[in-house]
Structures are given as C-alpha cells and as structure tokens.
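Have a look at the structure below, then the notes.
Coordinate-derived values only; no laboratory data. A quick note: this is a predicted structure, and the numbers were derived from the prediction, not measured. Ideal geometry is used to build each Cβ from the backbone, glycine not excepted, and the neighbour counts take in all protein chains shown.
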Amino acid sequence: MGTPAFRQVVLDCTDPRRLAEFYRHLLGLVYRPGDEEGDRDWLVLRTADGIPQLAFQQVDRLPEVTWPDGAVPQQLHLDLTVPSVGELDEQHRRVLRLGGRLLRDRSDDPEEPLRVYADPAGHPFCVFVG
C-alpha cells in the first residue's frame, strides 16, 4: 500500500481564464490540451512536459482575503522562489505588470527577502529568495 500522489493545487475563482492567464505568464506554464480557448469553469496548467501544476475552478462568488488584517484568512498560499534579490526585484515588476497586487514588502529582510502579493482573484502568494 502506497500513498496518494500529489496532483495539483486548485484555486477557486470567479474568472478561471483571467486567473489562469496570470499564472500561465508568471510561471511559464501551458494549458492542458483542449483548455487553450473558450469559456470554461475548470482549467488546468501544466509544465511543458505535461506535469499538472495548477487548476482553476469557477465559483459564483469568492470573498477576498483580508490577511494579514481582517476577518478572511488566506487559508492557503503559494510559495515561489528566486535565486537572488535582483531577481526578486525583476519578478516584482513582472507580477505588477501581470495584474498582481503587493500586500507586504520584506525585500530588505537580511535573512529571507520576500514580497507577498495577491493574484487577480485575491489569493495571496509569496516570492522569496531561497
């Protein structure tokens, strides 16, 4: 008897295409065959060699996370890493250009430089040097 294999992270959202496009560009992923076009309530992004990474599931409404202050906790977030502070700064510009929003800036932390963002649907994610 083995253990279940991890498949992918699924994000609820009101606009799956918009959120999938954000992460497709940010992470350099590709759509699962058949998901490239049209309106869908379920989309999957994979690596170029076909390994599922993220899926996007449509919901009617989604309360925006108010973390770190407020009543709606983040419940889950993605951690993304880069090799240097210079790359952290470059990715900061990319995230904002793609439609992300800065929530917290600890890029000057000497032990673990990082920034926390919200994606276009409001899900928090971190980019840090690691």
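Along the charge dipole of segment 1-84, pointing to its positive end and built from +1/-1 on Cβ of Lys, Arg, Asp and Glu, which listed residue (Val72, Gly38, Leu54) has its Cα farthest out? Positive-end residue among those listed: Leu54. With both labels modelled 7 Å from their Cα along Cα-to-Cβ, the Asp41 to Gln53 distance reads 2.7 nm. According to the Cα-based calculation, Rg over Rh for the chain is 0.98, with Rh computed by the Kirkwood formula. As an exercise, identify the GluC sites (Glu not before Pro) in segment 87-118 lying in DSSP coil whose Cβ has no more than 10 other Cβ atoms within 10 Å. Counting only loop positions with at most 10 other Cβ atoms within 10 Å, the GluC sites (Glu not before Pro) in segment 87-118 are Glu111. When both bridge partners sit in the chain, DSSP labels roughly 65% of those beta bridges antiparallel.
The magnitude of the dipole of segment 78-129, with charges of +1 and -1 set on the Cβ of Lys/Arg and Asp/Glu and taken from the Cα centre, is near 340 debye. Averaging over all projection directions, the Cα-based convex hull of segment 78-129 occupies 3.1 nm² in the image plane. All other residues whose Cβ lies under 12 angstrom from that of Thr14 are scored, Lys and Arg at +1 and Asp and Glu at -1, for a net of -2. Within segment 44-130, the trypsin sites (Lys or Arg not before Pro) that combine a DSSP coil assignment with at most 15 other C-beta atoms in a 10 angstrom radius are Arg61. Calculated on C-alpha atoms, the gyration radius of segment 9-58 divided by its Kirkwood radius gives an Rg/Rh of 0.91.
Which value at 222 nm does the chain reach when only helices count, each DSSP H run of 4 or more adding -39,500 (n - 2.57), with the total divided by all residues and rounded to the nearest 500 deg cm²/dmol? Don't skip to the end; give the middle numbers.
Details: 2 runs with 26 residues, N = 130.
Estimated from H runs of four or more residues: -6500 deg cm²/dmol.
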